[in-house]
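First comes the structure, then the notes that go with it.
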Amino acid sequence: MLAALENVFPFVPADSTVAVGAFLAGRGTLHAGVVFGVTWGCNVAGGVAVYWLARRYGRDFVTRPAGRRLLRPPVLAQIEAQYRRHGAYGIFLSRLLPVWRAVVAPFAGLAGLSAPRALVPLALASGLWYGALTLAVAAVGTNFDAVVSLVSRVNRVLGVVALGALIFVGVRIARRLKGEPAMTSPSPDTSGIRVLPPLIYAGLFLLGYAVHRFVPLRLWGDPPPVARLVGWGLVAAGALLAASAVMLFRRAGTTPNPTRPTTALVLHGPYRFTRNPMYVGLALCYVGTALLVNSMWPLILLPALMVLVQRWVIAPEEAYLERKFGAEYRSYRTQVRRWL
């Protein structure tokens, strides 16, 4: 009944009522087909009635003073033009929009659209909407115990995150109250980086794997052999790429540690193709390890990892190298990409 009244009063909680019925169907109290059939039938019947009333009496009403105040002639002309232009597919799409779908039938009647052109898409859209709603909520009802378990795991993860945030905020407040600076000022001959890049990669990976332990999100149910092969291949390639870059730094007499002063520019080897072969190598190891442990969470965190490395490491490192090596580094930066 509420599904029928929705065609007259848009804010009637028809969807909520259908969701309750579908949930009970999922729990075995009702039948999902009956819930859908009754809802769809009432909704379409209400739409047909409103369409017929608007087509039969709507024109007379909008020509009267009260009707003109409610729907001015230019607005009515615009509505008619849009309905005649977009026709059936416009009615179908509009009928899927919350609140707005309540006015689709009366406006179609006012616009003078034929019954097949107005009511067929109206019925199809209503069936799609309430069918999807019924199936989705019934599935939740059927798997309610699993949903509760998932929500419980998510709550635990959110609890861990909230605890970490509270500890971080507490430390910051304590430092401010004591009047101590959060970090000492960096040396003028360093990039000012305070977190070693491998720790960022390891930290994000461990965070993703920790979430996986509470809320498993696997790449495959049973990992195929090719997945392990690709995973080990990426780890090996990343390790070799990063190790070769470290060796080049050693040979040039400078340190690969970005927190210490750089004494020479290395522009050969893998540095001909990427300005940051160590970080590219670590990223390959990161992705390869995610494939090996069969977890989606580290890959979901990969964009955040790239942003952190870019902001916390690469940006200050590039600014430092430009200050120290000037035109030579600027020329190199225009010729070689940051990543690949």
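The values are calculated or read from the model by the stated rules, or taken from the named source; none is laboratory data. Just so it is clear, the structure is predicted and the values come from calculations on it, not from any experiment. Here the Cβ positions follow ideal geometry from the backbone for every residue, glycine too, while neighbour counts run over all protein chains shown.
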Every residue from segment 196-212 that is out of contact with any Ser or Thr (no Cβ under 9 Å at 6 or more places or on another chain) and either surrounded by fewer than 17 Cβ atoms within 10 Å (Cβ to Cβ) or hydroxyl-bearing (Ser, Thr, Tyr) (or both): Pro198, Leu199, Tyr201, Ala202, Gly203, Leu206, Ala210
Failed condition for Ala81, given (1) farther than 30 Å from Ser16 by Cα; (2) at pLDDT below 75: (2)
Qualifying residues in segment 263-279 (those that are of a type in the set (Ser, Thr, Tyr) and under 40 Å from the mean Cα position of the chain (by Cα)) - the one surrounded by the most Cβ atoms within 10 Å (Cβ to Cβ): Tyr279
Some residue of segment 122-145 being surrounded by 15 or more Cβ atoms within 10 Å (Cβ to Cβ), free of Cβ contacts under 8 Å to residues at least 60 places away in the same chain and not aromatic (Phe, Trp, Tyr): yes
Any hit, segment 99-117, residues being exposed (fewer than 14 other Cβ atoms within 10 Å of the Cβ), within 30 Å of Tyr57 (Cβ to Cβ) and either modelled with pLDDT under 80 or touching a strand residue (DSSP E or B) at 6+ places or on another chain (Cβ under 8 Å) (or both): yes
Condition met for Arg59 (within 23 Å of Gly112 (Cβ to Cβ), assigned to a helix (DSSP H, G or I) and touching a Lys or Arg at 6+ places or on another chain (Cβ under 6 Å)): no
Tabulated pairs, segment 21-48, first outside the structural domain of Leu135 (by TED's automatic domain parsing) and over 27 Å from Ile91 (Cα atoms), second crowded, with 17+ Cβ neighbours inside 10 Å and hydroxyl-bearing (Ser, Thr, Tyr), C-beta under 8 angstrom, 6+ apart or interchain: none
Qualifying residues in segment 294-340 (those that are under 19 Å from Leu241 (Cβ atoms) and outside any helix (DSSP H, G or I)) - the one modelled with the lowest pLDDT: Leu340
